[in-house]
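Engineer: First the structure, which I've put down as structure tokens, then a few questions once you've had a look.
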Amino acid sequence: MQENNTELKPIILSGIQPSGQIHIGHLTGAIRNWVDLQDKYKCYYTIVDLHAITVRQEPAELRRRTLDLAAMFIACGVDPDKCTLFIQSHVPEHAQLAWVLNTFTGMGECSRMTQFKDKSEQHEDNINVGLFTYPVLMASDILLYQADLVPVGEDQKQHLELSRNLAHRFNHYYSDTFKVPNPFIPQVGARIMSLQEPTKKMSKSDENEKGSIFLTDSTEQIISKVKRAVTDSGSEVRYDIVNKPGIANLMSLYQIATGFSYKQIESDFDGLGYGEFKPKVAKAVADYIAPIRESYLSLRKDETKLKEILTKGAENARKQAFKTLRKVYKKIGFVQF
Ligand code: ATP
Ligand code: LTN
């Protein structure tokens, strides 16, 4: 991390949970943006394991997935020399600030969060207090680093609004302490949908693995999944999300893999049917994923190197996190020696 070059750049913070496998939707909807941002901004990217335990996790699997995700980020182009890549639980200040922010958050604010309502329905047997205060921990992630911008998907906008409110509230009650963050909704292409149910987004919690293209899938698996993808009636390759969601989704995948526009794809396959289109998509996507998978496999093997990167990342993150927390504790009136 070259401090001097990054000092004046606006600050970005983002995080992803180490739960479930990473699929091509994450690559286009989140990771690719992270990569694009790392030259222009001072970026903190974190694997949010503290958030992940709001849903029961198998310990060995959580440990493995956390390192898998770190290796996958790097394989996708997140460069630890340009940004700070770290594991959330390695920086204890996240939990410490979250406690303080809990005392500034209303019960009503947390109970209005749509993600809390959705997850409570999905995990009726474990509606824990951590799930309830999940957005407060997220606010802590963001405010600790004095982030200017937070790249998030639409589903996280409500959480970001809470972070902004908490920053304002604390600043108003004491004095200027936190930067008020703004959402950064990157210009994304289409959301990637399930190959099996193209009206549902591709999701790591989907039980049907045939619906998702994981970044660790082999060439054969990718080709087989794309060839078996559900398509619509008719045979014309045309971008029409409403009437042809299956083909529109395959066109999005083809666009990601080749860079061709929808217009160009339509004209290239004019007069040809789905039968000609699907194998082309399958091959293009498999070729696109192959170097990422290969790079991932070699990075993942070298745990010593991974640990070195993540340790350095956490050390770097702690410098900033400690500064903010110390300021917060002082304003609150905690005794400091
Ligand atoms: P879950 O279904 O378990 O909630 P998920 O697969 O939707 O998980 P998240 O962890 O919510 O994944 O997503 C992390 C990031 O990846 C978010 O910024 C989100 O916008 C992006 N993302 C997830 N799925 C897709 C998708 N199908 N298409 C595009 N972007 C996606
Ligand atoms: N809640 C987010 C993950 C997340 C995050 C963050 C994103 C945790 N902390 C801070 C941006 C900034 C999610 O479920 N996608």
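Engineer: In vacuum, with every alpha carbon of region 187-287 counted as one equal point scatterer, what does the Debye formula give for log10 I(q)/I(0) at q = 0.18 Å⁻¹? Two decimals, please.
Structural biologist: -0.79
Engineer: By count of other Cβ within 10 Å, fewest leading, how are Asp141, Asp118 ordered?
Structural biologist: With the sparsest Cβ surroundings first, the list reads Asp118, Asp141.
Engineer: A further question on this structure: Please order Val180, Val91, Val335 by the number of other Cβ within 10 Å, starting at the fewest.
Structural biologist: Fewest-to-most Cβ neighbours within 10 Å comes out as Val335, Val180, Val91.
Engineer: Could I ask something else about it? Using Cβ contacts closer than 10 Å as the measure, can you line up Ile53, Ile87 from fewest to most?
Structural biologist: Values: Ile53 17, Ile87 21.
With the sparsest Cβ surroundings first, the list reads Ile53, Ile87.
Engineer: Another one. Could you give me the radius of gyration and the Dmax of region 101-226, taking only the C-alpha atoms into account and expressing both in angstrom?
Structural biologist: Final numbers for Rg and Dmax: 18.4, 59 Å.
Engineer: Do the sum for the chain: with -39,500 (n - 2.57) for every DSSP H run of n ≥ 4, divided by all residues, what is the mean residue ellipticity at 222 nm, to the nearest 500 deg cm²/dmol?
Structural biologist: -16000 deg cm²/dmol
Engineer: Please identify the trypsin sites (Lys or Arg not before Pro) of region 1-107 that satisfy two criteria: DSSP loop assignment and at most 11 other Cβ atoms within 10 Å. Which are they? Numbers along the way, then the final one.
Structural biologist: On the way: sites: Arg32, Lys40, Lys42, Arg56, Arg63, Arg64, Arg65, Lys82; in loops: Lys40, Arg56, Lys82.
Hits after loop and neighbour filter: Lys40, Arg56.
Engineer: Taking only Cα atoms, what is the 0 to 90° angle, nearest 10, from helix 303-332's long axis to the longest principal axis of the chain?
Structural biologist: 40
Engineer: If you take the alpha carbon radius of gyration of region 1-93 and divide it by 2.2 N^0.38 Å, what ratio comes out, to two decimals?
Structural biologist: Normalised Rg, Cα atoms only: 1.10.
Engineer: Going through region 173-265, which GluC sites (Glu not before Pro) have at most 13 other Cβ atoms within 10 Å and a DSSP loop state?
Structural biologist: Details: sites: Glu207, Glu209, Glu220, Glu236; in loops: Glu207, Glu236.
The qualifying sites are Glu207.
Engineer: Take a quick pass over region 130-282 and tell me how many lysine pairs come in under 14 angstrom between Cα atoms, counting only ones 8 or more apart or on separate chains.
Structural biologist: Eligible lysine pairs with Cα atoms under 14 Å apart amount to 9.
Engineer: Separate question: What ratio of Cα Rg to 2.2 N^0.38 Å holds for the chain?
Structural biologist: Normalised Cα radius of gyration, the chain: 1.07.
Engineer: Which residue, Glu109, Glu61, Glu124, has the most motion in a Gaussian network model of the chain that connects Cα atoms within less than 10 Å?
Structural biologist: Ranking Glu109, Glu61, Glu124 by mean-square fluctuation puts Glu124 first.
Engineer: Per q in 0.22 1/Å, what log10 I(q)/I(0) does a Debye calculation on the alpha-carbon atoms of region 269-336 return?
Structural biologist: -0.94
Engineer: Additional query: Tell me the angle of helix 274-301 to the major Cα principal axis of the chain, expressed in degrees between 0 and 90 and rounded to the nearest ten.
Structural biologist: 40
Engineer: Could you state the per residue volume, in Å³, of the convex hull enclosing the Cα atoms of region 135-208? Mind dumping the intermediate values first?
Structural biologist: Details: hull volume 6.9 nm³, N = 74.
Hull volume normalised by residue count: 93 Å³.
Engineer: Relative to the longest principal axis of the chain, what angle (0 to 90°, nearest 10) does the C-alpha long axis of helix 59-75 take?
Structural biologist: Helix 59-75 and the main axis of the chain meet at about 70 degrees.
Engineer: Label-point separation (nm) for Thr311 and Ser224, each offset 7 Å from Cα along Cα-to-Cβ?
Structural biologist: Here the answer is 4.1 nm between the modelled labels.
Rule-based calculations on the coordinates, nothing more; no lab input. Only a predicted model underlies this, so the values are computations on that prediction, with no experimental measurement involved. Backbone-built Cβ (ideal geometry, glycine too); neighbour counts: all protein chains shown.
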